[in-house]
Amino acid sequence: VCIFFFSRVLECQGLPIVNGQCDPYATVTLAGPSRQTKVKKKTNNPHFDEVFYFEVTRPSSYNKKSHFDIEDVDEVDKMEIRVDLWNASNLKFGDEFLGELRLPLKFLRQSSSYEAWYFLQPRDNGNKSLKPDDLGSLRLNVVYTEDHVFSSDYYSPLRDLLLKSADVEPVSASAAHILGEVCREKQEAAIPLVRLFLHYGRIVPFISAIANAEVKRTQDPNTIFRGNSLTSKCIDETMKLAGMHYLQVTLKPIIDEICQVHKPCEIDPVKLKDGENLENNRENLRQYVDRIFTVITKSGVSCPTVMCDIFFSLRESAAKRFQGDLDVRYTAVSSFIFLRFFAPAILSPNLFQLTPHHPDPQTSRTLTLISKTIQTLGSLSKSKSANFKESYMATFYDYFNEQKYADAVKNFLDLISSSGRRDHKSIEQPILLKEGFMIKRAQGRKRFGMKNFKKRWFRLTNHEFTYQKSKGDHPLCSIPIENILAVERLEEESFKMKNMFQVIQPERRVLYIQANNCVEAKDWIDILTKVSQCNKKRLTVYHPSAYLNGHWLCCKATADNTPGCTPCTGGLPANIQLDIDGDRETERIYSLFNLYMPKLEKMQEACGSKSVYDGPEEEEYSTFIIDDPKETYKTLKLIIEGVGTLEQEHAQYKRDKFKKTKYGSQEHPIGDKSFQTYIRQQSEISAHSI
């Protein structure tokens, strides 16, 4: 049994003012780590409207350490959602507690949706005897769902309908897109959809399809992917799942240092503390920004493949739609990787598992200033000083008004958006990733030809790897990216030369290259591996030494076509494997369709209206995106049929469960309230029918 809690913290009124200020935020807890809202500045009547998701699973049906396990449904009744209100204080001893409310889940089991105002209460062990009226009040909306997950074959029709969404023309007529249309919140649909598509390896084509459709509807390149659309929410959710390890290896070391060292970085003259020096603070902040900017822009080879593939499709769609805007191919990607990934992780590291707790006020302020600067650096906007409301931020940003920062951002964006799984030659121009002089050993096309070493200019794009005599000359050799089967270091004993690596191609052809130094060698190996890691015929083993004098120096094998003797390193961390239950996610999607059945039926009416009436759209139908009424109607019919079938299966399961189970058995011990409630309900139904 999977039990889901959808909790929306709406607003508060009349919160107490502490020490002349009230900067409130709320934490929501359910038998585990708490979730936190954003801090609302200078108000005791904050409007949060933030949503948090919790789920509880029974070990017999699903077991995962990151979820809260329960042994019996009665345990759910004993649990409670706790919402604590805090004032974000600048004092050293931490934030002030404003009040709390506790909501037992047994109330939620009686209703699928529950919304009410609550008086905030003092802590049970609090020292102060405050009246409830003194603490203000909080309006909270909580949604409770409890799902039973069937075996996989039950979900085949609905699952297959969802998984082919990327292939439906237009994509707005697909089942997945329709789910986003009928759900109240796009995120509500995005969470199970992303997990389902990731599990079955269909996330990239699906996001590519809905992103391309959104780009076609966008009129202004400056507003591309700026709304809270299904595309944006799905990409956000994918980055959270696939990019968590990427954040850990990229940002965590320096975030930990910032939290531990507590260097003063306040650059607002009004907020300077006694004894602080403005110039010293600016220099501290500049160093932090520089270091974080460098680790981000040098991290392209670590970016997860699935994120790179998505960024490639975003870049291509944007470039085709707005061909006159040369920057849109960058801003389409930076709006996600900087604005919605790195900047939020720096601002609130605890929400991205980079720190265990919310940072103290001074550290939080430092991270806010860093996040603002990094976000602006990544935006590549032409007038960056205008992005800051505060004059002190515009002054500070002058440190970074150099072309090298813009070039670094573009090089980083080029790399993470250049390794798509599609045909790379589908975009207009190849993306230059790296170039420079190195020494190569002739590949020896003739069996008895001389194999000497020559200095050549190497050039790598997302299409091919080439070399020529000098920069700008015609290439002497071109290796398509799809022909790179492995890129590995070469042992020094092969040619008595340091900093060598090998590019392995089909038919055992190997190009041996010497870089200028060990750093350059690693950079070339990493970037070549990155752009070729999705090739279908990549090798799993290789020879770490060369084939000389009739044998391989590493394993002494005499045949030059002998398979490798050492496992390939890959040069990059493996993609993180996510533990996702596809059936559980399909059940969640079924529950959403079932919950929003009235909207599905309304959307059917809208399709009928559009098919027969070509005039102005009726207001009640205008919220739906319907590009092809006939195709959309067909999909809606299949969804409703599939949901209806599953609904019957659930009803039958509940009937069988109680008919076949004896009261007093292990499944339903004496005192089982849910069983007693069901028996009572069935008795009332029988009496009514008589």
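The values are calculated or read from the model by the stated rules, or taken from the named source; none is laboratory data. Everything quoted here is computed from the prediction, not taken from an experiment. Don't worry about glycine lacking a Cβ; one is built from the backbone with ideal geometry, like all the others, and counts go over all protein chains shown. Accessible surface is based on the protein model in full, side chains and every heavy atom, while ligands, DNA and RNA are left aside. Shrake-Rupley method; radii C 1.70, N 1.55, O 1.52, S 1.80 Å.
If you go through region 353-367 and keep only what is hydroxyl-bearing (S, T, Y) and surrounded by fewer than 20 Cβ atoms within 10 Å (Cβ to Cβ), you end up with T355, S364. The sole residue among I513, I479 that is closer than 14 Å to L528 by Cα and either free of Cβ contacts under 8 Å to residues at least 24 places away in the same chain or touching a Lys or Arg at 6+ places or on another chain (Cβ under 6 Å) (or both) is I513. The sole residue among F107, F97, F119 that is among the hydrophobic types (A, V, I, L, M, F, W, C), modelled with pLDDT of 75 or more and open to solvent by 70 Å² or more (accessible area, probe 1.4 Å) is F119. Going through (1) open to solvent by less than 60 Å² (accessible area, probe 1.4 Å); (2) in a strand (DSSP E or B); (3) not polar (S, T, N, Q) one by one, K455 falls short only on (1). On inspection, E601 qualifies as modelled with pLDDT of 90 or more, open to solvent by 30 Å² or more (accessible area, probe 1.4 Å) and assigned to a helix (DSSP H, G or I). Among the residues examined, S417 does not qualify as polar (S, T, N, Q), modelled with pLDDT of 85 or more and surrounded by fewer than 19 Cβ atoms within 10 Å (Cβ to Cβ).
Okay, residues lined up against (1) modelled with pLDDT under 90; (2) open to solvent by 10 Å² or more (accessible area, probe 1.4 Å); (3) in contact with a strand residue (DSSP E or B) (Cβ under 6 Å, 6 or more places away or on another chain); (4) acidic (D, E):
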{"position": "F495", "(1), (2), (3), (4)": "yes, yes, no, no"}
{"position": "Q502", "(1), (2), (3), (4)": "no, no, yes, no"}
{"position": "E507", "(1), (2), (3), (4)": "yes, yes, no, yes"}
{"position": "E520", "(1), (2), (3), (4)": "no, yes, no, yes"}
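Within region 420-448, the set of residues being of a type in the set (A, V, I, L, M, F, W, C), surrounded by fewer than 18 Cβ atoms within 10 Å (Cβ to Cβ) and at pLDDT 85 or above comprises F437, I439. Considering (1) of a type in the set (S, T, N, Q); (2) open to solvent by less than 40 Å² (accessible area, probe 1.4 Å); (3) in contact with a Leu (Cβ under 7 Å, 6 or more places away or on another chain); (4) closer than 30 Å to A190 by Cβ, the lone condition that S545 does not fulfil carries the number (4).
The set of residues in region 462-481 that are touching an Asp or Glu at 6+ places or on another chain (Cβ under 9 Å) and closer than 16 Å to L433 by Cα comprises N462, K471, S478, I479, P480, I481. Against the criterion of being at pLDDT 85 or above, surrounded by fewer than 18 Cβ atoms within 10 Å (Cβ to Cβ) and outside the structural domain of D167 (by the TED database), P563 qualifies. Determine whether region 257-280 contains at least one residue that is closer than 16 Å to A343 by Cα and among the small types (G, A, S). Among the residues of region 257-280, not one is closer than 16 Å to A343 by Cα and among the small types (G, A, S), which makes the answer no.
When the residues of region 624-639 are filtered to those that are under 17 Å from P157 (Cα atoms) and either surrounded by fewer than 17 Cβ atoms within 10 Å (Cβ to Cβ) or not assigned by the TED database to the domain that holds A175 (or both), which remaining residue is nearest to the chain's Cα centre (by Cα)? Per the criteria, the residue is L638.
Among the residues of region 524-532, none qualifies, meaning not one is open to solvent by 40 Å² or more (accessible area, probe 1.4 Å) and either modelled with pLDDT under 90 or aromatic (F, W, Y) (or both).
Conditions tested, residue by residue: (1) under 27 Å from D309 (Cβ atoms); (2) acidic (D, E).
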site: T331; (1), (2): yes, no
site: I337; (1), (2): yes, no
site: I346; (1), (2): yes, no
site: H358; (1), (2): no, no
site: T363; (1), (2): no, no
site: E390; (1), (2): no, yes
site: F396; (1), (2): no, no
site: E402; (1), (2): no, yes
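Among the residues of region 176-194, write down those that are over 15 Å from the mean Cα position of the chain (by Cα) and surrounded by fewer than 22 Cβ atoms within 10 Å (Cβ to Cβ). Selection gives E181, C183, R184, E185. Within region 307-332, the residues that satisfy the criterion of being of a type in the set (S, T, N, Q) and open to solvent by 10 Å² or more (accessible area, probe 1.4 Å) are S317, Q323, T331. Just one of the listed residues (V76, V83, V56) is farther than 21 Å from L592 by Cα, modelled with pLDDT under 80 and buried (at least 19 other Cβ atoms within 10 Å of the Cβ), namely V76.
Contact map, region 333-352: residues that are open to solvent by less than 10 Å² (accessible area, probe 1.4 Å) paired with residues that are not in a helix (DSSP H, G or I), Cβ distance under 6 Å, separation 6+ or inter-chain. Pairs shown: V333/S417; S335/F225; P349/T355. Only one of (1) exposed (fewer than 14 other Cβ atoms within 10 Å of the Cβ); (2) closer than 25 Å to L415 by Cα; (3) not charged (D, E, K, R) is not met by G550, so which one is it? With respect to (1) exposed (fewer than 14 other Cβ atoms within 10 Å of the Cβ); (2) closer than 25 Å to L415 by Cα; (3) not charged (D, E, K, R), G550 is out only on (2). Going by the structure shown, is K382 modelled with pLDDT under 90, outside any loop (DSSP other than H, G, I, E, B) and open to solvent by 30 Å² or more (accessible area, probe 1.4 Å)? In short, no. Residues satisfying the criterion are present in region 287-307 (criterion: modelled with pLDDT of 90 or more and of a type in the set (D, E)). On the stretch given as region 459-470, residues that are within 21 Å of I525 (Cα to Cα) and either among the hydroxyl-bearing types (S, T, Y) or part of a loop (DSSP other than H, G, I, E, B) (or both) total 5.
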